[in-house]
Amino acid sequence: MDLDRIYNFSAGPSMLPRSVLREAREELISYGETGCSVMEMSHRSKPFMEIHEQAKSDLRDIMNIPDGYTVLFLQGGASLQFDMIPLNLAREGDVACYAVTGQFAKKAREEAQKYLKVETVFDGETENYARVPLITADMLNKNARYLHITGNNTIFGTQYRNLPECGDIPLVADWSSAILGRTIDVSKHSLIYAGAQKNMGIAGLTVVIIKNSMISTELPDSVPAMLRYDLMAKNDSMYNTPPCYSIYLAGLMFKWVKRMGGVQGLQAINEQKAKELYEYLDNSKLFTPSAEKSSRSIMNVTFTLPSPELTAEFLKTAEECGMINLKGHRAVGGCRASIYNAMPIEGVRKLINVMQAFELGKA
Ligand SMILES: *Cc1c(COP(=O)(O)O)cnc(C)c1O
């Protein structure tokens, strides 16, 4: 198979830069002079500790993470954070605010409801999650322990341009599908989390960036050790065996981001990719963009065709042209092009060309 012909638009796990895969292949059997694979190393060994440290410090560099924040490399996916956040940041009976802008936001709220009182400050379900809200401090309960948002809604293709104005309420954000794809002002957040398999590497690793003042050591005994930020921080994410290979691969990704001109450099390319695709969608008579203009994601572009039959036919045509995984999430149907950092602009242009030709064929 001619790999250079394939463009993978999967929402996650998703495409990786070919150069990163080559590096990983180069080092697969023996990492440097160690004579063993990263997969075979003790997580306490010197080479792995260096990989871990380097990845952490490179992430701090590329995201401009201020002092006073701790970076944790955890497991359990972004989904486990739906529980760790309420368990660590609040106590039974406390209030937390949730903005429900998609399926993952809804799941996050559902988990939080098991532990505390949730106030929903926005719920986009009835409008099919086509937009994100502008959130201002007056919309929030003054006693809320935090406000939770989903920064980029992977399934519906929306994204916050403007962060909520929270006043004194700590902002907690799930940036799984946009982290490293655009600049994110860490200092405006109290906690950021992201599964690595969208835009930072492979499944198995969840990155948590938490303000030190949010790490509570006084938790009820009922909170499982594995779900405590304080224990994870105290043990430098090595309370137990960390996801070693996923951390290694994220480390390669962080170095790649640096080579690409940092997050700023990638953001400029990502904005261009999204602009070209949305411009085509806005002018198309066959394809309709799903998200409201002001809320559009530059990472996940969602669109529909007039019928399920035409959708299926388009997906088949795209696949024959080497463009795979364009099918929308099973919950919403339609199409979705995930155009994360690793998707070159040529892939997006090829997609537009194929869409144009398909549309012409139907005119
Ligand atoms: C994929 C995704 C999740 C779920 O991530 P897992 O690692 O599978 O738990 C949560 N939130 C967002 C925004 C996502 O894109």
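Values quoted throughout were computed directly from the atomic coordinates according to the rules given, and no laboratory measurement underlies them. The shown structure was predicted, so the numbers you read here are calculated from the model rather than taken from an experiment. Every residue, glycine among them, receives a Cβ derived from its backbone with ideal geometry; neighbour counts consider all protein chains shown.
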- line: Label model pair ASP168, LYS316: point-to-point distance (7 angstrom along the Cα→beta-carbon line) in nm is 6.2
query: For the chain, which DSSP H helices look membrane-span-like by this rule: Cα extent along the axis of 24 Å or more and mean Kyte-Doolittle of at least 0.0?
result: 345-362
- request: Averaging sequence separations of C-alpha pairs under 8 Å and six or more residues apart, then dividing by the length of the chain, give the relative contact order as a whole percent.
  value: 23
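Given an 8 Å cut-off on Cα distances and at least 6 residues of separation, report the relative contact order of region 57-162 as a percent.
Contact order relative to length: 28 percent.
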- line: One finds, for ASN283 and ILE324 with R0 = 22 angstrom and r their Cβ-Cβ distance, a FRET efficiency to the nearest 0.05 of 0.30
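Taking 0.36 nm per residue of separation and subtracting the Cα-Cα distance, what length does fully extending ASN240 through GLU271 add?
7.2 nm
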field: 222 nm mean residue ellipticity, helices alone, for the chain (DSSP H n ≥ 4; -39,500 (n - 2.57); rounded to 500)
entry: -11000 deg cm²/dmol
- prompt: region 277-327 to region 236-274: how many Å between their Cα centroids?
  reply: 27
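When DSSP beta bridges are limited to those with both residues in region 154-241, what percentage is antiparallel, rounded to the nearest 5?
For region 154-241, the DSSP antiparallel bridge percentage is about 55.
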- prompt: Taking the simple approach of a point 7 Å from Cα along Cα-to-Cβ for both ARG22 and LYS117, what is their distance in nm?
  reply: 5.9
message: At a 10 Å Cβ-Cβ cut-off, how would you order HIS52, HIS43, fewest neighbours first?
response: HIS43, HIS52
query: Once a ≥ b ≥ c are taken as the square roots of the eigenvalues of the Cα gyration tensor of region 311-362, is the result rounded (a/c under 1.5), prolate (a/b larger than b/c) or oblate (a/b not larger than b/c)?
result: oblate
query: Of THR302, THR317, THR70, how do they rank once you tally other Cβ atoms within 10 Å and put the fewest first?
result: THR317, THR70, THR302
query: Could you state the principal axis extents of the C-alpha atoms in region 1-152, from the largest down, to the nearest angstrom?
result: 57, 40, 28
task: With a bin width of 10 angstrom, please list the P(r) values of region 42-120 as percents of all Cα-Cα pairs, from the 0 bin to the one holding the largest distance.
output: 16, 32, 30, 18, 4
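State which entries of LYS117/LYS211; LYS188/LYS327; LYS117/LYS327 exceed 26 angstrom in Cα-Cα distance in the structure shown.
In this structure, LYS188/LYS327; LYS117/LYS327 lie more than 26 Å apart at Cα.
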Residue order, fewest to most beta carbons within 10 Å, for MET226, MET15, MET260: MET226, MET260, MET15
task: Round to a whole angstrom and tell me the spacing of the C-alpha centers of region 1-51 and region 195-214.
output: 18
task: Quote the Stokes-Einstein diffusion coefficient, in whole µm² s⁻¹, for region 91-235, based on the Kirkwood radius over alpha carbon pairs, a temperature of 4 °C and a viscosity of 1.567 mPa s.
output: 81
- prompt: So how much slack lies between GLU309 and MET49, counting 0.36 nm per residue of separation and subtracting their Cα-Cα distance, in nm?
  reply: 88.3 nm
- line: Per the Kirkwood formula over distinct C-alpha pairs, the hydrodynamic radius of region 1-54 in angstrom is 13.3
statement: Relative contact order as a percentage, region 221-363, C-alpha pairs under 8 Å and 6+ apart, gives 19
message: Please list 3J(HN,Hα) in residue order for region 297-305, calculated via the Karplus relation 6.51 cos²θ - 1.76 cosθ + 1.60 where θ = phi - 60°; whole Hz, with x for glycine and proline.
response: 7, 8, 10, 10, 9, 9, 7, 10, 10
message: Assuming 0.36 nm per residue, please report the length gained on full extension of the stretch GLU92 to GLU127 beyond their Cα-Cα distance.
response: 9.4 nm
- prompt: For the chain, what is the largest minus smallest coordinate of the Cα atoms on each principal axis, given in angstrom and ordered from greatest to least?
  reply: 65, 58, 31
